[in-house]
């Protein structure tokens, strides 16, 4: 086998590997086919309308903190956006911030933090993070609140990612997941995709169960 052939074969493999890596981190697209941008407001909504409405803040136990959930579970004032009252029937927009400093686009399988763009009656941060395991269902609920920066392990709890929905069959449909390997490469993570959990007529977001296909609509 000639050195020229070996060199050509190496270049082909390098090209294929580079193309595969680029595809793995394609930009996440909104409902109009535009890439999700850092700092822009988006509504998250299920790709199947029978599975609830837009994402919003949920008052789970008539106390703080507030949980991440979906419209269709609670009626009433949740917070304020742009100086106007917002109800659960409308949902709340979110803002994504990539973990990689300087990155402007939200990409598939890359870590980011996410927060609702709203002020709450709890006067707390609206940043998402993985909460404690629910004692009845065994599932980890997604809650909102201040993020600890003490260590990569604690910080990892507030970083999520977007994965392509394998069962979508076309369209800009994705799954939300928790697997922050960029934030904490050495952590032993029990990764999971976000689904919903109905509790007392409220739809909460949780890991370790069903998976909810979602779309992103620019606010």
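Each reported figure results from applying straightforward, stated rules to the coordinates on display, with no laboratory input. Since this is a predicted model, take the numbers as computed values, not measurements. Using ideal geometry, Cβ is built from the backbone for each residue, glycine included, and neighbour counts are taken over all protein chains shown.
Just want the ordering: 178, 154, 128, from fewest to most Cβ atoms lying within 10 Å of their own Cβ. Display every interim value, and only then the final one.
Details: 178 24, 154 13, 128 27.
Result, fewest neighbours first: 154, 178, 128.
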| Relative contact order (percent) for region 27-218, with alpha-carbon contacts under 8 angstrom and 6 or more residues of separation? | 24
| said: At a 10 angstrom cut-off on C-beta neighbours, averaged per residue, how do the peptides 181-191, 29-39, 117-127 rank from highest to lowest? | reply: 117-127, 29-39, 181-191
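So if each residue of separation counts as 0.36 nm, and I subtract the Cα-Cα distance between residue 181 and residue 166, what length gain in nm does that give?
On the way: separation 15, 0.36 × 15 = 5.40 nm, distance 2.08 nm.
Using 0.36 nm per residue and subtracting the Cα-Cα distance, I get 3.3 nm.
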| Share of Cα-Cα pairs in region 27-218 lying beyond 25 Å, as whole percent | 29
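R0 = 22 Å: FRET efficiency of residue 188 with residue 122, Cβ-based, nearest 0.05?
0.10
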